[in-house]
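First the structure, in the form of structure tokens, and then the observations on it.
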Amino acid sequence: QVQLEESGGGSVQAGGSLRLSCTASGRVLWLRTMGWYRQAPGKQRELVANYISGGSTKLLDSVKGRFTISRDSHTNTVYLQMNSLKPEDTAVYSCNADLNAYGSTGFMEYWGKGTLVTVSA
């Protein structure tokens with residue numbers, strides 16, 4: 001059974017930094033994508049950043065130049081380094097992965113529980 005274990009998040013003043021991490025625990029056979037979504041109150045969930053198998057990454061336009069996603073392939077962990085945070089970055093950030101686990105019938109989508117990031121002005 002694969003689970004996504006998140007850490008990081010919290011409260012910070014505008015201009016500050018936070019780092020989120022997410023580890024896919026369990027027996028992962030193949031990781032196709034892994035990254036972070038966020039949902040602010042009253043808004044739709046949006047993809048913030050993700051790692052795509054093969055090495056490419058995708059970043060939301062509004063966080064380019066401020067956020068960086070990286071991956072540790074040995075531990076199936078992705079990190080989201082968030083710098084120059086703005087109040088509009090306030091949201092629940094949820095880890096997401098599309099992967100194939102040992103013993104499964106194919107690729108499945110997994111979600112973490114979510115972690116709150118609050119940026120005050």
- Message: Suppose we keep only residues that are of a type in the set (Ser, Thr, Tyr) and within 22 Å of residue 57 (Cβ to Cβ) within the stretch 1-24. Which one would you say is surrounded by the fewest Cβ atoms within 10 Å (Cβ to Cβ)?
- Response: 17
- First in the stretch 25-51 and surrounded by 12 or more Cβ atoms within 10 Å (Cβ to Cβ), second anywhere and assigned to a loop (DSSP other than H, G, I, E, B) and modelled with pLDDT of 95 or more, Cβ under 6 Å, 6 or more apart: 37/45; 39/45; 48/60
- Could you give me the residue pairs with C-beta distances under 7 Å whose first residue belongs to the stretch 59-79 and is over 16 Å from residue 25 (Cβ atoms), whose second residue is assigned to a loop (DSSP other than H, G, I, E, B) and among the hydroxyl-bearing types (Ser, Thr, Tyr) wherever it lies, and which are 6+ apart or on separate chains? 66/84
- Query: Say we look at the stretch 9-37 and pick out the residues that are modelled with pLDDT under 95 and not in a strand (DSSP E or B); which of these is nearest to residue 113 (Cα to Cα)?
  - Reply: 9
- Restricting the stretch 57-78 to residues that are open to solvent by 60 Å² or more (accessible area, probe 1.4 Å) and not in a loop (DSSP other than H, G, I, E, B), which is farthest from residue 8 (Cα to Cα)? 61
- If you take the residues of the stretch 89-121 that are open to solvent by 60 Å² or more (accessible area, probe 1.4 Å), touching a residue at least 24 places away in the same chain (Cβ under 8 Å) and of a type outside the set (A, V, I, L, M), which of them is nearest to residue 18 (Cα to Cα)? 113
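Can you give me the number of residues within the stretch 38-56 that are part of a strand (DSSP E or B) and either farther than 17 Å from residue 80 by Cα or more than 16 Å from the chain's Cα centre (by Cα) (or both)? Talk me through it step by step, then tell me what you get.
Initially, the stretch 38-56 is screened for residues part of a strand (DSSP E or B), giving 38-39, 46-52, 56.
So of that shortlist, the ones also either farther than 17 Å from residue 80 by Cα or more than 16 Å from the chain's Cα centre (by Cα) (or both) come out as none.
Going through the stretch 38-56 one residue at a time, the tally reaches 0.
The values are calculated or read from the model by the stated rules, or taken from the named source; none is laboratory data. Owing to the predicted nature of the structure, the values given are computational and were not obtained by experimental measurement. All Cβ positions, even for glycine, are placed from backbone atoms using ideal geometry, and neighbour counts span all protein chains on display. For accessibility, only protein heavy atoms count, side chains too; no ligands or nucleic acids. Shrake-Rupley method; radii C 1.70, N 1.55, O 1.52, S 1.80 Å.
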